[in-house]
Amino acid sequence: MSDRVSRRAVIVFGVALLTTPLAAVAQSGRVYTIGTLSMGTATQMDWWQPFLDALRDVGYVEGRNLVVKRSRAAGRPERLVGLAQELVQAKVDILVTTGPRETRAARQATSTIPIVMMVVPDPVGLGLVSSLARPGGNVTGLTSLVPGMRQKWVELLKEAVPAASRFAAIASRNNLTAENLRELDTAATGLRVRLSGFPVQSIDDFEDTIVRARNERADGVIAIADPVTLQHSRAFVELMQKYRLPAIYWTREYVEDGGLMRYSANLVEVRRRAAGYVDKILKGARPAELPVEQPAKVELVINLKAAKALGLTLPPALLLRADATLE
């Protein structure tokens, strides 16, 4: 080959590099597209970071061989079906969802595109999968609750506030379901505690709802898994402190914002493990045959500073059982 031909080949290759998409240059194989669907807002981007980090660990890097289309309902559940349909029309390879409503909307939008769910408490009861062992359709992933967790919320809160005679369960109306309240109420009855549900629809409802619970002599609050209070966890916790209501929460954000305690799966780990499902499906596994995973560990975390601010002296036995305490 002459020097002139060699130089021409180098020039042509260089032009090709400049005009080829970055993903195709970085990865000679296929570029995958994932659609994420959540009730959250644009300001909650870090919620997805453990999932994206875990995808990177197994070789999927956004901007190289991965495109992520993010859809967020910003606390408006009526938008979910439309957002899911838009992702389906964009021909994503996989839909990744957060809670029950998001997963239901995705399933309504498609029966063929695989769906990986993350924070769904009872996928069998909700009709999203046939069974945990064999989902049977296009939905699989991880459930966020283990049997008896709601009962444990009541027991732990009663242990923290032994004199309590009434608890309030607070969440959006869609999550104050008969099933959620039934398990909580059964546990409360066994401890001679009355339990009532108090719905919130937005941050604007928080203070009025908490004041109403306080006026109805609630001695403590159970914050049921819910995107409305999670989106505004700091404001929610600050009102609990203002009205001196001890509360138990369903994920770490509340306790980091000053809440008393949380008993839940490690949701950071749940998000990371969801990446494993995506990897398996992209490599050819069928969602119908991938068992739904339950949390391997449930953690109790107590905020000692919050307990002091509430004037609580927590029993030593409760503190000894904590997996972590925050000062």
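How large is the charge dipole for region 217-321, taken about the Cα centre, if only the Cβ atoms of Lys, Arg (+1) and Asp, Glu (-1) carry charge, to the nearest 20 debye?
140
Helix 149-160 sits at what angle to the longest principal axis of the chain, using alpha carbons and giving 0 to 90 degrees rounded to 10?
The angle comes out near 50 degrees.
What percentages, rounded to whole numbers, describe P(r) for region 29-98 computed over all alpha carbon pairs with 10 Å bin width beginning at zero?
Histogramming region 29-98 at 10 Å steps yields 20, 51, 26, 3 percent.
Translational diffusion coefficient of the chain at 20 °C, 1.002 mPa s, Stokes-Einstein with Kirkwood Rh over Cα pairs, in µm²/s as a whole number.
Taking Rh from Cα pairs, D becomes 100 µm²/s.
Arrange the following residues from fewest to most other Cβ atoms within 10 Å of their Cβ: GLU78, GLU179, GLU86.
GLU78, GLU179, GLU86
What number, rounded to the nearest 500 deg cm²/dmol, is the helix-based mean residue ellipticity at 222 nm of the chain, given -39500 (n - 2.57) per DSSP H run of at least four residues and division by all its residues?
-12000 deg cm²/dmol
Once you charge only the Cβ atoms, +1 for Lys and Arg and -1 for Asp and Glu, what is the size of the charge dipole of the chain about its Cα centre, to the nearest 20 debye?
560
If I histogram all Cα-Cα distances within region 110-177 using bins 10 Å wide from 0, what percent of pairs lands in each bin?
All Cα pairs, binned at 10 Å, distribute as 17, 37, 27, 14, 5, 0 percent.
If you take every DSSP beta bridge whose two residues both sit in region 241-327, what share of them, in percent to the nearest 5, is antiparallel?
50
Select from THR251, ALA74, GLY35 the residue farthest towards the positive end of the dipole of the chain; place +1 on Cβ of Lys and Arg, -1 on Cβ of Asp and Glu, and compute about the Cα centre.
Comparing the listed Cα positions along the dipole, GLY35 ranks first.
Taking the 0 to 90 degree range and rounding to the nearest ten, how far is the long axis of helix 178-190 tilted relative to the main principal axis of the chain, both from C-alpha atoms?
40
Cα centroid distance between region 142-206 and region 239-265, in Å?
Centre-to-centre (Cα) distance: 13 Å.
Please give me, ordered by residue number, the chymotrypsin sites (Phe, Trp or Tyr not before Pro) of region 219-254 that lie in loop per DSSP and have at most 15 other Cβ atoms within 10 Å.
TYR243
Rule-based calculations on the coordinates, nothing more; no lab input. Since the model is a prediction, treat every value here as computed from it, not as a measurement. Counting neighbours? That spans all protein chains shown, and the Cβs are built from the backbone with ideal geometry, glycine included.
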